[in-house]
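Read through the structure below, which is laid out as structure tokens, and then see the notes.
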Amino acid sequence: MAKEKTLEQIAYEKLKSLIHSGEYQTGMHLKETALVTELQMSRTPIRRALGRLVSEGLLSHNNFHGTTVTYTHFTLHEIINMIEIQWCFAVFCVEKSQRKHTPFNVKLLREITASMEKAYTQDDALNYHRALTEFYKTFLLNSQNNLIIEMLDHLWKRFTEEATSSNVFNVRKNRIPQTLELYNSLIDCVEKSEFDKATEILTQLKEEAFMDLMF
């Protein structure tokens, strides 16, 4: 038997949908009094829902300006740039591992790809994309450069929200098993120190991502 949703969860889902749809645009101020009327519920669940959205980065709050929408949709140009930057840093990690003999966390990478496969079989777009960004975060840890992770972390969070709220998962669903094979092959390559082959697979993954943008 499905658990009945709380008022907080209903408010959270409704507000999140309005943000993703663009009805609540970036920079828009959200007032609790207006939301009480619009959502037809009391302040408490609305305030809690707003707090969750602030913690997720979709809203911001300060004592002077109140609650403001901060979420912005990725443009095609931004997505292409993110994929390019991610690919460059991943290749850099492979090259650094080759030079300095620093091993990748193969065990954790395999666990993450298993999570991706589980999410795929369960049609769970959110957890699939969360695991996908976690894969790259773990892979790039091999650079031993926290600045790289910090630079991409905000983009990864935005991408997860965007990909989950859009039709990306369903569009590329038939190709995800092939993509998962590439990720597993990539792990095999870095484990065996087959660095040139690892770079080739990273390039294949980049090209697949670009292909998805055409749909």
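Please treat every number below as a calculation from the coordinates, not as lab data. Every value quoted in this text rests on a predicted model; they were computed, and no experiment measured them. Neighbour counts run over all protein chains shown; Cβ positions are idealised from the backbone, glycine included.
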Q: Sum up the charges of everything whose Cβ sits under 11 Å from the Cβ of residue 184, counting Lys and Arg as +1 and Asp and Glu as -1, but leave residue 184 out.
A: -3
Q | Spacing of the two label points (7 Å from each Cα toward its C-beta) at residue 98 and residue 9, in nm | A | 5.0
Q: Take every Cα-Cα pair in the stretch 1-51 and report what % of them are more than 15 Å apart.
A: 45
Q | Hull-based mean projected area of the stretch 25-108, where the convex hull spans the alpha carbons, in square nanometres | A | 9.5
Q. Based on the Cβ-Cβ distance of residue 180 and residue 84, what FRET efficiency does E = 1/(1 + (r/R0)^6) give at R0 = 25 Å, to the nearest 0.05?
A. 0.65
Q: Starting from the Cα of residue 43, step 7 Å along the direction of its Cβ; do the same at residue 70; then give the gap between the two resulting points in nm.
A: 2.4
Q: With a Förster radius of 45 Å, plug the Cβ-Cβ distance of residue 34 and residue 208 into 1/(1 + (r/R0)^6) and report the FRET value to the nearest 0.05.
A: 0.55
Q) Among (1) 78, 38, 28; (2) 51, 43, 36; (3) 61, 43, 32, which one is Cα extents along the principal axes in Å computed from these coordinates? A) (3)
(Q) Spelling out what I want: for every residue of the stretch 125-131, take phi, set θ = phi - 60°, compute 6.51 cos²θ - 1.76 cosθ + 1.60 (Karplus), and round to whole Hz; glycine and proline get x. (A) 4, 4, 6, 5, 6, 4, 5
Q: With all distinct Cα pairs included, what does the Kirkwood hydrodynamic radius of the stretch 103-188 come out to in Å, to one decimal, could you say?
A: 13.3
**Q.** Computed [θ] at 222 nm, deg cm²/dmol, the chain (DSSP H ≥ 4; -39,500 (n - 2.57); rounded to nearest 500)
**A.** -23000 deg cm²/dmol
**Q.** Amide N of the stretch 91-106 lying under 14 Å from the label point, which is placed 7 angstrom from the Cα of residue 194 along Cα→Cβ
**A.** none
**Q.** Whichever lysines have a C-alpha closer than 28 Å to that of residue 173, once near sequence neighbours (fewer than 8 apart) are set aside
**A.** 14, 16, 107, 118, 137, 157, 197, 206
